[in-house]
Amino acid sequence: MTSDAPTALKDTQNESDDRNIPIDRVGVKNLRYPIQVRDKHHTVQSTIATVQLTVDLPHHFKGTHMSRFVQVLNSHGPVLHVRNIREILEKLSETLHAATSHVDFEFPFFLEKEAPVTKSRGLIDYTARFNATLQNGKMDFVLTVIVPVATLCPCSKAISARGAHNQRGEVTLAVRFREPVWIEDLIRIVEDSASCELYSVLKRPDEKAVTERAYDNPVFVEDLVRNVAGKMASHPDITWYCVEAENFESIHNHNAYARVEAHVAAEPAHDTHA
């Protein structure tokens, strides 16, 4: 006779490991997942995120259950916002029996921009990242934006009889905050710190305008990071920032690079007894 009763499958991941080596992060990465991100206008933008979900693994466990990471993400639903990242982290820690959990989302974020003269409209893409960790009930969250910009060299302008060399650059701005800040606002801060912002649609009058704007606002890569850092230092909600700028040089075979990182001191408490 044969039995139709299901056979219990061996759970290898739950077996013990005798090497006495804990693992800091284990999980899944490079998972592409459709998400909806809330924007400043309280609408949602549909995009595709590249996701990494990880937890710590104690030394006595052989492995983790990889499918559970994807199940947690699927159960959360597609809408992603700073305020609900904690729910995903808590569910990961609970489901995987972990002391520490991490989520990383990287996704393209689009804005519609008007050309400066003709007002021609076009979409331009940026890269945004959400990196969050939950440990002992405390969450650490870092928001990052990667913004393409245009820069014009002050030295080239000062020494040249005709024109000055310019190039595209890329600014990476990462922040921690007291209250959530909008992706759009960080992008605007970066673009205002460069020689000129970029556009997807430019007619001839627009091209003339942006070329002249860059010429009137030359910045070294050092100026660029200092301009952004100054705005971060005076921002009421920023507690920490790291700004990096890389210029893809047009007349050199190398790139120019600068970086500033700083904690922002809390505003002094007001003396109510004065």
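The values are calculated or read from the model by the stated rules, or taken from the named source; none is laboratory data. This structure is a prediction, so every number in the text was calculated from the model and none was measured. Note that each Cβ is placed from the backbone with ideal geometry, even for glycine, and that neighbours are counted across all protein chains shown.
Within the stretch 218-249, the set of residues being under 17 Å from the mean Cα position of the chain (by Cα), assigned to a helix (DSSP H, G or I) and among the small types (Gly, Ala, Ser) comprises ALA229 only. Within the stretch 175-191, the set of residues being part of a helix (DSSP H, G or I) and touching a residue at least 24 places away in the same chain (Cβ under 8 Å) comprises ILE183, GLU184, ASP185, LEU186, ILE187, ILE189, VAL190, GLU191.
Within the stretch 214-264, the residues that satisfy the criterion of being free of Cβ contacts under 8 Å to residues at least 24 places away in the same chain and either closer than 22 Å to ASN166 by Cα or of a type in the set (Phe, Trp, Tyr) (or both) are ASP216, HIS252, ASN253, HIS254, ASN255. Among the helices (runs of 4 or more DSSP H) confined to the stretch 56-174, there are none with at least 3 residues that are in contact with an Asp or Glu (Cβ under 7 Å, 6 or more places away or on another chain) and among the aliphatic types (A, V, I, L, M). Would you confirm whether any residue within the stretch 232-252 is surrounded by fewer than 19 Cβ atoms within 10 Å (Cβ to Cβ), modelled with pLDDT of 95 or more and in contact with a helix residue (DSSP H, G or I) (Cβ under 6 Å, 6 or more places away or on another chain)? No, that holds for no residue. With respect to being more than 18 Å from CYS196 (Cβ to Cβ) and either hydroxyl-bearing (Ser, Thr, Tyr) or surrounded by 15 or more Cβ atoms within 10 Å (Cβ to Cβ) (or both), LEU152 falls outside the description. Of everything in the stretch 201-217, what is in a loop (DSSP other than H, G, I, E, B) and within 20 Å of VAL147 (Cα to Cα)? Give them in sequence order. Result: VAL201, LEU202, ASN217. On the given criteria, is ASP216 loosely packed, with under 15 Cβ neighbours inside 10 Å, within 27 Å of HIS42 (Cβ to Cβ), at pLDDT 95 or above and not aliphatic (A, V, I, L, M)? When the stated conditions are applied, ASP216 does not pass them. Scanning the stretch 17-72 for residues that are surrounded by fewer than 14 Cβ atoms within 10 Å (Cβ to Cβ), closer than 23 Å to THR127 by Cβ and out of contact with any helix residue (DSSP H, G or I) (no Cβ under 8 Å at 6 or more places or on another chain) yields LYS29, ASN30, ARG32, PRO34, HIS41, HIS42, THR43, SER46, ILE48.
The residues of the stretch 109-124 that are surrounded by fewer than 14 Cβ atoms within 10 Å (Cβ to Cβ) and not hydrophobic (A, V, I, L, M, F, W, C), listed by number, are GLU112, GLU114, LYS119, ARG121, GLY122. Restrict the check to the stretch 127-145 and report whether at least one residue is modelled with pLDDT of 95 or more, over 25 Å from HIS65 (Cα atoms), touching a helix residue (DSSP H, G or I) at 6+ places or on another chain (Cβ under 7 Å) and polar (S, T, N, Q). No - not one qualifying residue is present in the stretch 127-145.
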